[in-house]
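Take this structure, written in structure tokens, and hold onto it; I'll ask about it next.
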Amino acid sequence: MSANTWNALVNTMLEAHEAAMHEGGVLRPVLMPLLRGQLAALVWVRPVEPGPDAAEGVVELARLAAAASADEVILAWESDDLGRTLGEPLGPHEGLPQGPPPSLNFVRADSEGYELHQFPYTPHELEPHEDGRPCREAEWHEAVPARPGAALPAPVVRTLERIWAERLPAPDDGVLTETAHEMAAEGFTVRLTDPVEVAE
């Protein structure tokens with residue numbers, strides 16, 4: 001993909017994360033399959049239970065990328081959100097001695113390899129909403145330089161492996177549309193860039 005496409009997708013997700021924080025949440029894990037440099041779709045993880053179901057929810061994102069015959073993907077997740085749902089230790093900002101500060105993470109990958117991009121931030125509490133929901137904002141820090149082959153959470157590794165193992169050899173709009181509808185019915189939020197949009 002071009003630098004402009006990469007920057008546009010990353011900035012869109014950073015803004016989406018900020019919007020989610022203002023509503024008391026974070027950006028859910030989201031996969032962006034690309035084909036020949038063009039975004040083919042977006043899919044956000046379905047509602048999950050902590051533990052193994054959370055891991056499977058992330059891995060199942062691979063289905064849409066494989067159906068899109070993607071030759072490149074971006075997978076984004078918030079570090080603490082994924083760690084919490086997987087039952088892994090959080091960072092020192094949660095009162096624990098181990099782990100980094102929270103970050104929005106992006107893996108840019110193709111069948112030959114991947115690189116990890118991290119955007120660390122400090123969350124700040126704002127005045128809660130009238131209904132009691134928390135409201136937060138992000139103080140962004142300097143981005144971590146891209147790290148090819150960096151260690152990744154196990155579900156992210158499995159997602160990438162599944163994409164390249166199951167990827168269709170050629171695009172098929174029928175298969176992609178059917179997979180999108182199936183995943184939407186299962187609770188994933190799916191957007192196809194052309195010609196179909198599938199609502200949550």
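The values are calculated or read from the model by the stated rules, or taken from the named source; none is laboratory data. Remember, predicted model here, so these are calculated numbers, not experimental data. Quick reminder, even Gly has a Cβ in these numbers, built from the backbone with ideal geometry, and neighbours come from all protein chains shown. Note: areas computed on protein heavy atoms with side chains; ligands, DNA, RNA excluded. Shrake-Rupley method; radii C 1.70, N 1.55, O 1.52, S 1.80 Å.
Counting only helical runs of four or more DSSP H residues, what would the 222 nm mean residue ellipticity of the chain come to if each run contributes -39,500 (n - 2.57) and the total is spread over all its residues?
-10500 deg cm²/dmol
Now for a different question. Ignoring any ligand, DNA or RNA, what whole percent of the accessible area of the chain comes from carbon and sulfur when the probe is 1.4 angstrom?
Summing carbon and sulfur atoms, their accessible area is 52 percent of the total for the chain.
Once you list every other residue whose beta carbon is under 9 Å from the beta carbon of S69, what net charge do they have if Lys and Arg are +1 and Asp and Glu are -1?
Net charge around S69: -1.
Give the shape of segment 1-60 as rounded, prolate or oblate, defined through the alpha-carbon gyration tensor: a ≥ b ≥ c are the square roots of its eigenvalues, a/c under 1.5 means rounded, and otherwise the shape is prolate if a/b is larger than b/c and oblate if not.
Oblate shape, in that a/c is at least 1.5 and b/c is the bigger or equal ratio.
Mind checking the per residue accessible area of the chain for me, 1.4 Å probe, whole number of Å²?
49 Å²
Can you order the peptides 149-159, 26-36 by their average number of other Cβ atoms within 10 Å per residue, highest first?
26-36, 149-159
Using θ = phi - 60° and the Karplus form 6.51 cos²θ - 1.76 cosθ + 1.60, what ³J(HN,Hα) does each residue of segment 3-17 get, whole Hz, x for Gly and Pro?
4, 5, 5, 4, 4, 5, 5, 5, 4, 4, 6, 4, 5, 5, 5
Dividing the convex hull volume of the alpha carbon atoms of the chain by its residue count, what do you get in Å³ per residue?
128 Å³
Sort 38-48, 172-182 by packing, meaning the average of other beta carbons within 10 Å per residue, with the highest value first.
Descending mean neighbour count gives 38-48, 172-182.
Restricting things to Cα coordinates, could you compute the convex hull volume per residue of segment 106-200 in Å³?
Hull volume over Cα atoms, normalised by residue count, gives 175 Å³.
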